[in-house]
1. Applying the selection to the stretch 168-196, what residues are surrounded by 17 or more Cβ atoms within 10 Å (Cβ to Cβ), in a helix (DSSP H, G or I) and in contact (Cβ under 8 Å) with a residue 40 or more places away in the chain?
2. How many residues, within the stretch 202-249, are over 30 Å from Asn167 (Cα atoms), buried (at least 24 other Cβ atoms within 10 Å of the Cβ) and of a type outside the set (A, V, I, L, M)?
3. Exactly one of these conditions fails for Asp114: (1) within 15 Å of Ser409 (Cβ to Cβ); (2) surrounded by fewer than 19 Cβ atoms within 10 Å (Cβ to Cβ). Give me its number.
4. Can you confirm whether Lys199 is closer than 30 Å to Leu131 by Cα, crowded, with 17+ Cβ neighbours inside 10 Å, at pLDDT 95 or above and not assigned by TED's automatic domain parsing to the domain that holds Val357?
5. Would you call Ala179 touching a helix residue (DSSP H, G or I) at 6+ places or on another chain (Cβ under 6 Å), outside the structural domain of Ala263 (by TED's automatic domain parsing) and small (Gly, Ala, Ser)?
6. Being within 25 Å of Pro265 (Cα to Cα), in a strand (DSSP E or B) and either at pLDDT below 90 or in contact with a Leu (Cβ under 7 Å, 6 or more places away or on another chain) (or both) is the filter here; which residues of the stretch 106-155 pass it?
7. For the stretch 209-247, name all the residues that are of a type in the set (A, V, I, L, M) and in contact with a helix residue (DSSP H, G or I) (Cβ under 7 Å, 6 or more places away or on another chain).
8. Just one of Gly209, Gly223 is over 25 Å from Ile69 (Cβ atoms) and either under 14 Å from the mean Cα position of the chain (by Cα) or assigned to a loop (DSSP other than H, G, I, E, B) (or both); which is it?
Amino acid sequence: MKHSAGIAGKLFHTIGKNGINVVAIAQGASEQNISWVVKNSDLRKTLNVVHEAFFLSPFVELNIFLVGIGTVGRDLLDQIGRQQEKLKKEHRLKLKLAGVANSRKMVFDREGIDVLTIKNKINQSEVKSDLKVFCRTMVEMNMFNSVFVDCTADEKVANHYLYALENFISVVAANKVAASSEYSRYRELKEMAAKHGVKFLFETNVGAGLPLISTINDLMHSGDRIVRIEAVLSGTLNYIFNTLSNDIPFSKAVRLAKEMGYAEPDPRIDLSGIDVIRKLVILARESGYRIEKEDVENNSFIPQKYFNSSMEEFWNTISEMDEEFEKQRLLLESKRQKWRFVGVMNEGKASVSLVVVDPGHPFYDLEGSNNILLLTSERYNEYPMLIKGYGAGAAVTAAGVFADLIKVSNI
């Protein structure tokens with residue numbers, strides 16, 4: 001310590017950002033030692049934090065608590081399994097799976113759960129899933145550099161983000177519910193993360209693996225101002241309209257989108273425009289605008305009766321739309337035009353609607369389930385920034401979650 005500025009600051013900053021309260025501090029005039037007192041329950045965590053920060057640990061360790069091992073969660077685990085050794089070797093980052101839960105069971109292991117055996121561990125577990133118990137256990141395990149990962153679409157899971165952040169645990173969410181909920185709740189989560197020096201990341205909420213939110217954040221942090229957003233944000237709807245043909249009517253295209261894993265569990269969330277509204281609200285908020293979902297004008301292209309029925313009735317009756325869509329499709333084809341479901345935010349005012357685009361429009365050649373964003377800012381004014389790529393699918397969404405995990409680690 002002697003003649004080395006910043007040692008004490010680094011020490012207590014490292015301890016504090018992991019939520020450890022220091023009861024007492026003592027330092028001699030010789031500058032050769034420093035002593036501090038913490039609660040006995042924080043002892044293991046304090047030792048690990050200090051060892052990693054200063055001298056003993058060869059790795060930066062990230063302790064992951066994952067809820068949801070469906071399509072996205074499974075792909076995330078596969079990607080972690082493939083990358084673990086490379087991250088340890090090249091970046092000194094050790095990813096440790098400390099807790100996992102699905103809708104039925106959950107399992108914890110302070111030493112880490114092998115991603116290759118997680119399916120067996122979950123099946124053999126005698127502990128029934130309980131979100132409150134899962135989150136309480138996550139906090140009581142008191143592990144440093146912990147992150148709560150939500151790979152569900154469940155509002156009940158999103159309701160536990162604040163608890164995690166309050167306890168100095170970062171949150172990475174594929175779940176759109178929290179970031180698109182009431183503006184006051186969104187701000188509370190962002191402010192709690194900032195207050196406690198942890199991360200609340202949700203890049204995949206909008207464009208799966210596309211860097212849309214992070215790009216907006218970078219522009220905002222550098223002093224730019226977002227003026228207008230124009231985007232195709234539904235991989236599902238883009239897939240449907242790109243798939244329509246003489247052989248594939250509208251109802252079949254919707255079924256294919258569901259089978260391909262692009263659509264929400266209830267595809268009517270995509271068809272109603274609600275999913276695009278959520279995404280547009282998130283982008284607008286990250287751009288500095290106070291906006292609620294109810295503020296977005298929704299120009300729906302599907303009659304309301306299909307959203308009021310049961311799922312079974314929806315699948316039985318949606319073919320009624322085929323004839324009209326085919327008639328309009330042939331008309332567009334004759335004019336070399338295409339459909340795109342577009343979200344627009346201009347100076348805080350937002351709308352979503354099905355529009356017709358001509359050849360030469362940036363959205364015209366958007367293939368498959370891809371997404372595209374045109375971003376106009378004070379800097380990017382004459383020529384808007386364009387971001388384009390895969391916007392749906394479990395693999396790219398999992399990759400986006402994985403990228404957020406790496407950001408939490410700060411490597």
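1. Passing the criteria: Tyr186, His196.
2. 5
3. Just one mismatch for Asp114, condition (1).
4. Working: closer than 30 Å to Leu131 by Cα: yes; crowded, with 17+ Cβ neighbours inside 10 Å: yes; at pLDDT 95 or above: yes; not assigned by TED's automatic domain parsing to the domain that holds Val357: yes.
Against the criterion (closer than 30 Å to Leu131 by Cα, crowded, with 17+ Cβ neighbours inside 10 Å, at pLDDT 95 or above and not assigned by TED's automatic domain parsing to the domain that holds Val357), Lys199 qualifies.
5. Details: touching a helix residue (DSSP H, G or I) at 6+ places or on another chain (Cβ under 6 Å): yes; outside the structural domain of Ala263 (by TED's automatic domain parsing): yes; small (Gly, Ala, Ser): yes.
Yes: the conditions hold for Ala179.
6. Taking the stretch 106-155 and keeping what is within 25 Å of Pro265 (Cα to Cα), we get 106, 118-119, 122-123, 128-132, 134, 148-155.
Pick out the ones that are also in a strand (DSSP E or B) and you get 106, 128, 148-150.
Scanning the stretch 106-155 gives a single hit, Val149.
7. Residues of the stretch 209-247 that are of a type in the set (A, V, I, L, M), as a first pass: 210, 212-213, 216, 219-220, 226-227, 229, 231-233, 237, 240, 244.
Across the stretch 209-247, the qualifying residues are Leu212, Ile213, Ile216, Ile226, Ile229, Val232, Leu233, Leu237, Ile240, Leu244.
8. Numbers: Gly209 fails: over 25 Å from Ile69 (Cβ atoms).
Result of the check over Gly209, Gly223: Gly223.
The values are calculated or read from the model by the stated rules, or taken from the named source; none is laboratory data. None of these values were measured; they are calculated from a predicted model. Note: ideal-geometry Cβ built from the backbone for every residue, glycine included; neighbour counts use all protein chains shown.
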